[in-house]
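Working notes for the structure below.
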Amino acid sequence: MHIFDDYVKPIRAAIAADPKSGKLYETLSFSERSLQKGFDFKVFNQQVPEKRLLPNLADFANELGLTPNFEQGLGAHPDFSHLKHSETLEDHYIVSMFVDIKGSTNLFKKYTPRTVWIVTNTIQRAAIHTCLIFGGYVHRLQGDGLFVYFGGKNMKPDPAVKRSLQFASVFSYFVKEDLKNIFSEQGIENIYTRIGVDLGYDRDVIWGMAGIGEISEVTTCSLHTSLASKMQSYAMSNGIVIGDNIKKESPELTEFYIPVCHRTQSENDRYIFQIPEERFNYTQYDFNWLSFLKRQDFIATDFLGNLQLKHKAVVMSNRNVANLAPIAAASKPYYDFE
Amino acid sequence: MLPTSRQLRLQVNLIMILNKKKSPFERDFIVAKERFPKLTYVWNAKIMMWVITGELDICDVEGVYWNTFQITILVPRGYPYCVPIVAEKSTIIPRDIEWHISPEGICCLDISHNLKAMSKLGIDLTSFISEKVYTYFANQLYKLEKNKYAGGEYAHHLDGVIQYYIETHQLQDKRAIVAMLQQITSKTNIGRNDPCPCGNGKKTKHCHQSSIDTLKTLGHERLLSDLKNISETIK
Ligand SMILES: [Zn+2]
């Protein structure tokens with residue numbers, strides 16, 4: 001998928017420019033080290049702007065007919081921000097998602113902190129941009145990852161669930177496929193994601209201000225927010241684990257959900273949460289996001305089995321009929337109807 | 001009432017048996033679905049065929065997306081020894097003889113001789129779709145842009161059959177085709193060391209041996225009717 005090509009570029013460039021990958025870093029004096037030409041913040045911001053999608057990703061948003069809202073602030077979901085400094089609580093459904101980006105520690109073995117900074121921030125910006133495209137709300141940055149919400153007052157739970165799964169799948173594909181080569185070429189263990197998603201209904205979720213004064217945020221108190229975080233730790237590398245309520249709101253996706261205990265072969269992992277007295281057993285599922293993604297209207301699987309974005313809305317300037325010829329030439333049609 | 005562990009075990013056994021009983025088609029479809037994820041199938045008992053329907057997205061070698069065809073593939077129950085029928089449900093391809101498609105949308109993927117020979121060896125669903133179906137639709141998109149096909153095409157009807165013998169089996173002309181077909185369809189066996197029926201003087205094993213083997217798989221009737229039809233054009 002080429003939608004993240006523009007995000008892969010600065011990562012490659014930063015790695016190539018890393019002094020540790022060239023000269024023997026240890027032989028340099030401190031001042032030489034700081035003189036080594038690396039990336040600076042300004043250059044980075046030009047390459048991966050904060051509030052502008054890079055061209056390929058912008059095409060993608062255009063294709064989906066979605067416009068990201070860059071005017072969000074952390075810890076104040078626009079539909080509930082009025083609760084800040086108020087004594088009001090509200091009951092409202094929300095999809096909670098924890099996106100953990102793992103493996104960046106390994107980068108310090110090979111690169112300077114400056115390079116690691118570029119790499120992790122580019123990945124995080126790609127995550128934020130993609131999340132915004134799918135209408136997500138970034139509630140908090142967590143390490144290299146994100147804590148995001150999907151849904152709000154102008155949307156029902158089922159489209160919010162679908163958007164959240166689309167985001168999680170597209171982003172997982174980026175990390176799993178697009179970033180894979182960069183690090184394996186360098187002999188570095190791959191960076192990978194682990195994602196947990198769950199839905200709490202109106203009756204399950206309380207919105208309100210947490211903290212004091214300016215040390216505060218508008219946040220949710222919900223079993224299902226906690227479970228999303230917990231399920232993330234059950235996910236495989238580049239895996240997504242979802243809760244029962246997500247499954248309930250997406251019956252057409254049932255074939256993509258497999259109870260986590262089938263993978264771990266341990267019945268203990270079937271339920272992520274139980275209240276035995278109430279016979280409340282809450283199942284967690286592995287989400288087969290790759291199959292789900294392949295089935296999306298905006299995705300095509302090409303001749304080699306790679307996923308590609310389907311451009312319909314934008315006229316493709318880079319389309320060259322000569323590139324069809326190698327595939328087309330293998331066909332030799334006939335006609336024998338009366 | 002909860003099922004007993006014995007009942008559960010029986011149930012598990014039953015599922016295992018059902019899985020084992022998966023037909024070659026069903027097993028191969030799982031593989032094909034990875035490459036062509038927007039296709040699904042049902043078994044149609046009335047026509048005794050697997051009916052695959054859905055979307056086929058076409059991308060070029062650079063991975064750039066071009067178009068999506070709505071297609072149906074009918075797979076006879078004899079799979080893998082069969083020739084599937086492919087139809088376009090969308091109407092991107094003009095319904096015209098020059099586009100190798102019937103008014104109902106049935107796609108003439110290849111000359112029937114090749115399809116028959118392929119079915120005798122047994123087809124693989126994924127290869128069939130990628131080598132015959134995907135290429136056919138990519139070629140149609142090519143023609144929509146360039147007004148011609150990227151590779152070759154067969155002439156219609158009998159001319160296409162003659163073309164098949166000349167191009168695929170490297171026979172000089174209609175007389176050579178007739179000589180060849182007469183020999184193959186006659187009762188006498190053609191030995192590997194006998195002179196080749198094409199008449200160029202070489203031993204068969206150094207000449208048309210593999211063509212003869214392929215042609216034999218097409219069946220006596222097919223060869224006889226080709227022989228008759230082509231002979232008539234010489235008179
Ligand atoms: Zn010969």
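The values are calculated or read from the model by the stated rules, or taken from the named source; none is laboratory data. Keep in mind that what you see is a predicted model, and the values were worked out from it rather than measured. A quick note on method: Cβ atoms are made from the backbone with ideal geometry, for glycine too, and the neighbour counts reach across all protein chains shown. Calculation scope for accessible area: heavy atoms of the full protein, side chains included, ligands and nucleic acids excluded. Shrake-Rupley method; radii C 1.70, N 1.55, O 1.52, S 1.80 Å.
One residue stands out in the stretch A:57-110 among those that are assigned to a loop (DSSP other than H, G, I, E, B) and in contact with a Pro (Cβ under 9 Å, 6 or more places away or on another chain): the one that is surrounded by the fewest Cβ atoms within 10 Å (Cβ to Cβ), namely A:Glu71. Among the residues of the stretch B:136-155, those identified as touching a residue at least 24 places away in the same chain (Cβ under 8 Å), more than 7 Å from chain A (Cβ to nearest Cβ) and open to solvent by 10 Å² or more (accessible area, probe 1.4 Å) are B:Lys143, B:Leu144.
Among the residues making up the stretch B:142-156, those that are within 20 Å of the chain's Cα centre (by Cα) and not acidic (Asp, Glu) are B:Tyr149, B:Ala150, B:Gly151, B:Gly152, B:Tyr154, B:Ala155, B:His156.
Is there a residue being of a type in the set (A, V, I, L, M) and at pLDDT 95 or above anywhere in the stretch A:173-190? No, there is no match, as no residue in the stretch A:173-190 is of a type in the set (A, V, I, L, M) and at pLDDT 95 or above. Selection within the stretch B:203-235: residues that are β-branched (Val, Ile, Thr) and within 27 Å of the chain's Cα centre (by Cα). The member of this set that is nearest to B:Ser186 (Cα to Cα) is B:Ile212. Among residues of the stretch A:238-254 that are free of Cβ contacts under 8 Å to residues at least 12 places away in the same chain, those with a beta-carbon under 8 Å from a residue that is in a helix (DSSP H, G or I) and not hydroxyl-bearing (Ser, Thr, Tyr) at least six positions away or on a different chain give the pairs A:Thr254/A:Lys247. For the stretch A:204-225, a residue qualifies if it is within 22 Å of the chain's Cα centre (by Cα) and open to solvent by 70 Å² or more (accessible area, probe 1.4 Å), but none of them does. Which ones in the stretch A:162-198 are in a helix (DSSP H, G or I), in contact (Cβ under 8 Å) with a residue 12 or more places away in the chain and farther than 18 Å from A:Ala228 by Cβ? Hits for the stretch A:162-198 are A:Val170, A:Tyr173, A:Phe174, A:Val175, A:Lys176, A:Glu177, A:Asp178, A:Ile182.
The single residue among B:Leu171, B:Leu215, B:Leu224, B:Leu181 that is away from the ligand (no atom under 16 Å from the Cβ), outside the structural domain of B:Lys116 (by TED's automatic domain parsing) and either loosely packed, with under 13 Cβ neighbours inside 10 Å or not polar (S, T, N, Q) (or both) turns out to be B:Leu224. Restricting attention to the stretch B:184-212, the residues being away from the ligand (no atom under 14 Å from the Cβ) and either within 14 Å of another protein chain (Cβ to nearest Cβ) or open to solvent by 20 Å² or more (accessible area, probe 1.4 Å) (or both) number 4. Hey, could you check the stretch A:276-314 for residues that are in contact (Cβ under 8 Å) with a residue 60 or more places away in the chain and farther than 28 Å from B:Ile30 by Cα and say which is nearest to the other protein chains (Cβ to nearest Cβ)? It comes out as A:Lys312. Looking at (1) surrounded by fewer than 23 Cβ atoms within 10 Å (Cβ to Cβ); (2) in contact with a Ser or Thr (Cβ under 6 Å, 6 or more places away or on another chain); (3) over 25 Å from A:Tyr93 (Cα atoms), can you tell me which one A:Thr193 breaks? Here A:Thr193 clears every test but (1).
Only residues that are open to solvent by 10 Å² or more (accessible area, probe 1.4 Å) and within 18 Å of B:Asn67 (Cα to Cα) were counted in the stretch B:88-106, giving 7. Total residues in the stretch B:79-131 satisfying the condition of being in a helix (DSSP H, G or I), more than 10 Å from every other protein chain (Cβ to nearest Cβ) and under 19 Å from B:Cys59 (Cα atoms): the figure is 4. Is it the case that some residue within the stretch A:243-261 is open to solvent by 50 Å² or more (accessible area, probe 1.4 Å), under 30 Å from A:Asn190 (Cα atoms) and within 14 Å of chain B (Cβ to nearest Cβ)? Taking every residue of the stretch A:243-261 in turn, at least one turns out to be open to solvent by 50 Å² or more (accessible area, probe 1.4 Å), under 30 Å from A:Asn190 (Cα atoms) and within 14 Å of chain B (Cβ to nearest Cβ). Can B:Tyr165 be described as at pLDDT 95 or above and within 16 Å of the ligand (Cβ to nearest atom)? Judged against the criteria, B:Tyr165 is a match.
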